[in-house]
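The values are calculated or read from the model by the stated rules, or taken from the named source; none is laboratory data. This is a predicted model, so every value here is computed, not measured. Here the Cβ is made from the backbone with ideal geometry for all residues, glycine too, and neighbour counts use every protein chain on show.
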Amino acid sequence: MTAVLGQEPSSAPDLQDALRRVARGDRLAVRVIYDAEAPRMLGVAMRLLRRRALAEEAVHDTFVQIWLKAASFDPSRGQARTWLYAILRNRALNILRDESRTDLVDDFGPMDLKAPGDDAETTVMRLSDSGALKRCLERLDPVRRRAILLAYVEGLSHGELAGRLDVPLGTAKSWIRRALLVLKECMA
Amino acid sequence: MSTGITPDRDRLAAEYVLGVLEGEERREAERLAENDREFQVAVAQWQARLAEVDETASPEPASEALWQSIAADLGEQASPEPTQASAPAAVPGPHTAVLALWRSLRFWRGAGLVGAFASLLLALGVGMLATRAVREPVLIAVLLTNENRPAAVVNAFADGTAELIPLEGLEIPPGRALEVWAIPGANQSPISVGVVSQRRSLRLNLDRVPGLRPDQVIAISVEPPQGSPTGQPTGPVIIKGNTSTAL
């Protein structure tokens, strides 16, 4: 992640510093983070939740959590941006998994009409050439790479992956398991 | 950084971060993510490995309306007075919680809202009866059962502490615990402020709450012995009440 941070334009706000200010009760620093990250967060949440209203809800809840939990951010354990997106992903996955919501269920039809360009290989292409993740993902068998990215980008569970990829549940689980081992070793 | 984590646990951390877990495995991962230091480290490592994928999402316009709805939920506090930059913002744990409390108190004092926000950290233990005698709560909530019988009282003090005192009407189902929730505002998710498994006074943990205010809902739900595995109420709410200013 250091590499990614290094690629930021110098005008990008220092998120770690902003989080420190939020931890001291500075609401303006929350706005700084919102301006810098909310558009991307909405994009991430839209890929997971598909619906604008739900994506906005996830981002809303994320910022309330950032406000409440900023003091628990520990820079020795990771990048500020990773911490922010972990909260977002967690919240979005909770909306996706835990909450039996008719507004999600109603949308299963349109969900399949996703933009064709937004598939796994497109995601790989968008990754930075200089980052380890792209190189390591490219080492994976294409079908396992697709499984990993569908899971992370669209929030598919083991069971949903099996359905989408039309393989038995055990196969989907073992693809994911092996792909994760390859990634871990490759990125070590 | 290497960890002593087992391959199975590391896989669980990876799958948790990836988001593929369901059911019991997911709850197990959430429990570990909450409590297990090694697991937390593994999770952070996997988050760092995969984080770059989030950067491939196309940005969506973030509206001023969305910001306004967020700002409205950051509590009614005005901008805090500037504080010195010396406080370490990082290491989580009780120390941080105390710092956060301290900051919050200063913050509210600065905003001139001390009485209304008697919130934060909580004291009260068995040995605090003497203290209680000389302290008067600024906010009180009487929590009622569904049959409108008083079952517990929450007292919040001007120093930012708060306590829950069970009354005779409080029933704890065998093998379960009761979890106390503060609901920060309309349409907001409840925030856990404590878990009780015995009928005795509980000091509430308010460091995740923006501040207790008059007319705020406090609710108690039935949960597994360690508290809700999801961070949100999973069992029925059996007792609730609203805070009022003590005169």
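Those residues that are facing chain B (nearest Cβ under 7 Å) and touching a residue at least 40 places away in the same chain (Cβ under 8 Å), I need them from region A:41-70; list them, please.
Answer for region A:41-70, where residues must be facing chain B (nearest Cβ under 7 Å) and touching a residue at least 40 places away in the same chain (Cβ under 8 Å): A:Val44, A:Arg47, A:Trp67.
I want to confirm something. Restricting to region A:157-171 and keeping residues that are outside any helix (DSSP H, G or I), more than 7 Å from chain B (Cβ to nearest Cβ) and not acidic (Asp, Glu), which single residue is farthest from B:Glu55 (Cα to Cα)? Quick ask: steps written out before the conclusion?
First, the residues of region A:157-171 that are outside any helix (DSSP H, G or I): A:157, A:166-168.
Now drop any that are not more than 7 Å from chain B (Cβ to nearest Cβ), which leaves A:166-168.
From what's left, not acidic (Asp, Glu): A:167-168.
Details: A:Val167: 29, A:Pro168: 31 Å.
Once the filter is applied, the top-ranked residue is A:Pro168.
Got at least one residue in region A:126-135 being at pLDDT below 90 and over 25 Å from A:Ala45 (Cα atoms)?
yes
With respect to B:Ser244, is the statement that it is surrounded by fewer than 19 Cβ atoms within 10 Å (Cβ to Cβ) and outside any loop (DSSP other than H, G, I, E, B) true?
Working: surrounded by fewer than 19 Cβ atoms within 10 Å (Cβ to Cβ): yes; outside any loop (DSSP other than H, G, I, E, B): yes.
Judged against the criteria, B:Ser244 is a match.
Please give the number of the condition A:Phe73 fails out of (1) at pLDDT below 95; (2) more than 10 Å from chain B (Cβ to nearest Cβ).
Among (1) at pLDDT below 95; (2) more than 10 Å from chain B (Cβ to nearest Cβ), A:Phe73 violates only (2).
Identify the residue in region B:129-145 that is outside any strand (DSSP E or B) and either in contact with a Pro (Cβ under 9 Å, 6 or more places away or on another chain) or basic (Lys, Arg) (or both) and, among all such residues, is modelled with the highest pLDDT.
B:Arg135
With respect to B:Gly160, is the statement that it is at pLDDT below 80, more than 18 Å from B:Glu34 (Cβ to Cβ), under 14 Å from the mean Cα position of the chain (by Cα) and not charged (D, E, K, R) true? Give the steps one after another, and end with the answer.
On the way: at pLDDT below 80: yes; more than 18 Å from B:Glu34 (Cβ to Cβ): yes; under 14 Å from the mean Cα position of the chain (by Cα): no; not charged (D, E, K, R): yes.
Considered against the rule, which asks whether it is at pLDDT below 80, more than 18 Å from B:Glu34 (Cβ to Cβ), under 14 Å from the mean Cα position of the chain (by Cα) and not charged (D, E, K, R), B:Gly160 comes out as no.
Restricting to region B:213-247, what's the tally of residues that are within 14 Å of chain A (Cβ to nearest Cβ) and under 13 Å from the mean Cα position of the chain (by Cα)?
Result for region B:213-247: 5.
Report whether or not B:Leu32 is surrounded by 19 or more Cβ atoms within 10 Å (Cβ to Cβ), modelled with pLDDT of 95 or more and farther than 19 Å from A:Val44 by Cβ. Explain how you work it out, then say what you get.
On the way: surrounded by 19 or more Cβ atoms within 10 Å (Cβ to Cβ): yes; modelled with pLDDT of 95 or more: yes; farther than 19 Å from A:Val44 by Cβ: yes.
Taking the combined requirement at face value, the residue satisfies it.
Looking at B:Ala97, B:Ala90, which is the one that is at pLDDT below 90, small (Gly, Ala, Ser), assigned to a loop (DSSP other than H, G, I, E, B) and surrounded by 15 or more Cβ atoms within 10 Å (Cβ to Cβ)? Spell out how you get there, then give the answer.
On the way: B:Ala97 fails: assigned to a loop (DSSP other than H, G, I, E, B).
Checking each option against the conditions leaves just B:Ala90.
State yes or no: is B:Arg149 surrounded by fewer than 16 Cβ atoms within 10 Å (Cβ to Cβ), more than 23 Å from B:Glu24 (Cα to Cα), touching a Gly at 6+ places or on another chain (Cβ under 6 Å) and of a type outside the set (Gly, Ala, Ser)? Spell out how you get there, then give the answer.
Values: surrounded by fewer than 16 Cβ atoms within 10 Å (Cβ to Cβ): yes; more than 23 Å from B:Glu24 (Cα to Cα): yes; touching a Gly at 6+ places or on another chain (Cβ under 6 Å): yes; of a type outside the set (Gly, Ala, Ser): yes.
Answer is yes for this residue.
Among the residues of region A:128-151, how many are closer than 14 Å to A:Ala172 by Cα and surrounded by 13 or more Cβ atoms within 10 Å (Cβ to Cβ)? Reasoning before the result, please.
Quick first cut of region A:128-151, residues closer than 14 Å to A:Ala172 by Cα only: A:141-151.
From what is left, the residues that are surrounded by 13 or more Cβ atoms within 10 Å (Cβ to Cβ) are A:143-151.
Residues in region A:128-151 being closer than 14 Å to A:Ala172 by Cα and surrounded by 13 or more Cβ atoms within 10 Å (Cβ to Cβ): 9 in total.
Looking at B:Val41, B:Val53, which one is modelled with pLDDT of 95 or more and either under 23 Å from A:Ile148 (Cβ atoms) or in contact with an Asp or Glu (Cβ under 7 Å, 6 or more places away or on another chain) (or both)? Let's see the steps before the verdict.
Details: B:Val41 fails: modelled with pLDDT of 95 or more.
So the residue among B:Val41, B:Val53 that is modelled with pLDDT of 95 or more and either under 23 Å from A:Ile148 (Cβ atoms) or in contact with an Asp or Glu (Cβ under 7 Å, 6 or more places away or on another chain) (or both) is B:Val53.
Is there a residue in region A:156-164 that is of a type in the set (A, V, I, L, M), under 20 Å from A:Leu181 (Cα atoms) and buried (at least 21 other Cβ atoms within 10 Å of the Cβ)? Can you show your working first?
Going through region A:156-164, the residues of a type in the set (A, V, I, L, M) turn out to be A:156, A:161-162.
Of the ones still in play, those that are also under 20 Å from A:Leu181 (Cα atoms) are A:156, A:161-162.
Narrowing the set further to residues that are buried (at least 21 other Cβ atoms within 10 Å of the Cβ) leaves A:156, A:161.
The answer is yes; a qualifying residue exists.
In this structure, does A:Thr102 turn out to be surrounded by fewer than 18 Cβ atoms within 10 Å (Cβ to Cβ) and either at pLDDT below 95 or within 9 Å of chain B (Cβ to nearest Cβ) (or both)? Give the derivation first.
On the way: surrounded by fewer than 18 Cβ atoms within 10 Å (Cβ to Cβ): yes; either at pLDDT below 95 or within 9 Å of chain B (Cβ to nearest Cβ) (or both): yes.
Yes, satisfied.
Being buried (at least 20 other Cβ atoms within 10 Å of the Cβ) and farther than 26 Å from B:Glu136 by Cβ is the requirement here; does B:Ser197 meet it?
On the way: buried (at least 20 other Cβ atoms within 10 Å of the Cβ): no; farther than 26 Å from B:Glu136 by Cβ: yes.
Judged against the criteria, B:Ser197 is not a match.
Every residue in region B:188-236 that is within 14 Å of B:Ile172 (Cβ to Cβ) and of a type in the set (Val, Ile, Thr), please.
B:Val195, B:Val196, B:Ile220, B:Val222
Taking the stated definitions as given, is B:Arg213 among the basic types (Lys, Arg) and surrounded by fewer than 18 Cβ atoms within 10 Å (Cβ to Cβ)?
Numbers: among the basic types (Lys, Arg): yes; surrounded by fewer than 18 Cβ atoms within 10 Å (Cβ to Cβ): no.
No, not satisfied.
Using the structure shown, decide if A:Asp118 is among the charged types (D, E, K, R), surrounded by 13 or more Cβ atoms within 10 Å (Cβ to Cβ), at pLDDT below 75 and within 28 Å of B:Ala29 (Cα to Cα). Break it down stepwise before answering.
Working: among the charged types (D, E, K, R): yes; surrounded by 13 or more Cβ atoms within 10 Å (Cβ to Cβ): yes; at pLDDT below 75: yes; within 28 Å of B:Ala29 (Cα to Cα): no.
Taking the combined requirement at face value, the residue does not satisfy it.
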